[in-house]
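Engineer: Right, I'll just put the structure down here and ask away after.
The values are calculated or read from the model by the stated rules, or taken from the named source; none is laboratory data. Small disclaimer: the values here were computed from a predicted structure and weren't measured. We place every Cβ from the backbone using ideal geometry, glycine too, and count neighbours over all the protein chains shown. Calculation scope for accessible area: heavy atoms of the full protein, side chains included, ligands and nucleic acids excluded. Shrake-Rupley method; radii C 1.70, N 1.55, O 1.52, S 1.80 Å.
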Amino acid sequence: MIEIVAQSNEMREVLRLAERVAATDSTVLITGESGTGKDTLAAWIHDRSSRSGQAMVKIDCAALPSELIEAELFGYERGAFTGATEGRPGRFEAAHKGTLLLDEIAHLTVDAQAKLLRVIETREFERLGGRRAIKVNSRLIALTNVDLSEAIRRSAFREDLYYRLNVVSLPLPALRKRRDDIEPLSQLFLERSAAKHGRAVRSIGSTARKVLADYSWPGNIRELANAIERAVIVSAGTVLDLEEFSPAWRAAAAAEHAAQDRPTLADLESSYVREILDECRGNKSEAARILGISRKNLYERLNRDGVAADPTDPTDD
């Protein structure tokens, strides 16, 4: 059975809701950035459902040309189009009594969206070129990294289909928002990669652990898994050191760390104001003169920085 790392409060909350949903036949919409593990969560739900003994069938709506999506979803009869020398069932039929996973749902054509909506409402469809109604009993789980509300505003996605799919929404947080999961995920990927490639590495060194924990992971879990696997492949010992990660990844992590440590212009200005104020021993009139601003502007800046000041205080002069 599929297990998901959930040490962070953010992922624990997702799994609490997913566990309740798994026991039902409800349609589920899983959203999140690329690489956050939407496929894994969908499989986790299927494994814990009453349909776990049946197939979970996936179709990647973004990977297929638009003219083939309907044929893949609904199947086709012989002669339905040029090259259709025999009939073929579609993914809906293959997922009968199981789960149909619609990946990158936002890439469905408008025509395919209309037909999908009809299937959800009637639980039946016809193959392309066919006239016989085929009844289907499959659970739908849809995945997307696209803001469907924005797609609706652009008329790229049907609003009625969105509400049919969004019975239960499970938004997956980005890895940078669930930092408590980075270390256990890193260890999990290390163990899997070591077993896969026959390496003796068993743990991650302290320096590497800190860099892994601090990095923002724009590619999310997928990027973390790839980074760990590459490091494991080139490792020679039992502890994974930072030097064994790819130069490109180390450069990205270093650049991000440098940017985080670099003060903003507002920080520099605030620091300079405090420095001048200290030199003037708290005399704000003198500090304002040196800074080239009015006393009023100085007080506004101090209040903005959280330094309480009374502009009528006679001791300032």
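Engineer: Out of all the residues in the stretch 225-248, which are aliphatic (A, V, I, L, M) and in contact with a helix residue (DSSP H, G or I) (Cβ under 6 Å, 6 or more places away or on another chain)?
Structural biologist: Across the stretch 225-248, the qualifying residues are A225, A227, I228, A231, V232, I233, V234, L240, L242.
Engineer: Scanning the stretch 197-229 for residues that are polar (S, T, N, Q) and touching a residue at least 40 places away in the same chain (Cβ under 8 Å), which turns out least open to solvent (accessible area, probe 1.4 Å)?
Structural biologist: Looking at residues that are polar (S, T, N, Q) and touching a residue at least 40 places away in the same chain (Cβ under 8 Å), I get N220.
Engineer: Looking at the structure I just gave you, is K97 under 21 Å from L172 (Cβ atoms) and either open to solvent by 10 Å² or more (accessible area, probe 1.4 Å) or of a type in the set (F, W, Y) (or both)?
Structural biologist: Answer is no for this residue.
Engineer: Could you list, ordered by first residue, the pairs with Cβ atoms under 6 Å in which the first is in the stretch 1-29 and over 13 Å from A43 (Cβ atoms) and the second is among the hydroxyl-bearing types (S, T, Y), at least 6 apart or interchain?
Structural biologist: Within 6 Å, the pairs are L29/S169.
Engineer: Continuing with this model, one more query. Checking L64 against (1) surrounded by fewer than 16 Cβ atoms within 10 Å (Cβ to Cβ); (2) modelled with pLDDT under 95, which single condition isn't satisfied?
Structural biologist: L64 satisfies all of (1) surrounded by fewer than 16 Cβ atoms within 10 Å (Cβ to Cβ); (2) modelled with pLDDT under 95 except (1).
Engineer: Can you tell me which of E269, E275, E256 is assigned to a helix (DSSP H, G or I) and open to solvent by less than 70 Å² (accessible area, probe 1.4 Å)?
Structural biologist: Answer to the check: E256.
Engineer: Restricting attention to the stretch 122-164, which residues are of a type outside the set (S, T, N, Q), assigned to a helix (DSSP H, G or I) and under 17 Å from E70 (Cβ atoms)?
Structural biologist: Result: L161, single match.
Engineer: Now for a separate question. Give me the residue from the stretch 150-177 that is hydroxyl-bearing (S, T, Y) and either over 16 Å from A106 (Cβ atoms) or free of Cβ contacts under 8 Å to residues at least 12 places away in the same chain (or both) and, out of that set, most open to solvent (accessible area, probe 1.4 Å).
Structural biologist: Per the stated criteria, the residue is Y163.
Engineer: Another question, if that's okay. Go through the stretch 284-317 and report how many residues are modelled with pLDDT under 65, part of a helix (DSSP H, G or I) and either open to solvent by 50 Å² or more (accessible area, probe 1.4 Å) or within 18 Å of L265 (Cα to Cα) (or both).
Structural biologist: 2
Engineer: On the basis of being within 22 Å of R164 (Cα to Cα) and among the β-branched types (V, I, T), does V21 make the cut?
Structural biologist: So V21 fits the description; yes.
Engineer: Restricting to the stretch 72-94, what's the tally of residues that are surrounded by fewer than 21 Cβ atoms within 10 Å (Cβ to Cβ), aliphatic (A, V, I, L, M) and closer than 21 Å to R123 by Cβ?
Structural biologist: 1
Table: residues versus (1) modelled with pLDDT of 95 or more; (2) under 26 Å from the mean Cα position of the chain (by Cα); (3) part of a loop (DSSP other than H, G, I, E, B).
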position	(1), (2), (3)
M1	no, yes, yes
L41	yes, yes, no
I69	no, yes, no
G79	no, no, yes
G83	no, no, yes
F92	no, no, no
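Engineer: Condition check: over 21 Å from the mean Cα position of the chain (by Cα) and open to solvent by less than 40 Å² (accessible area, probe 1.4 Å). Does A194 satisfy that?
Structural biologist: Taking the combined requirement at face value, the residue satisfies it.
Engineer: Mind listing just one residue for me: the one in the stretch 1-28 that is under 21 Å from Q54 (Cβ atoms) and aliphatic (A, V, I, L, M) and, of those, most open to solvent (accessible area, probe 1.4 Å)?
Structural biologist: M1
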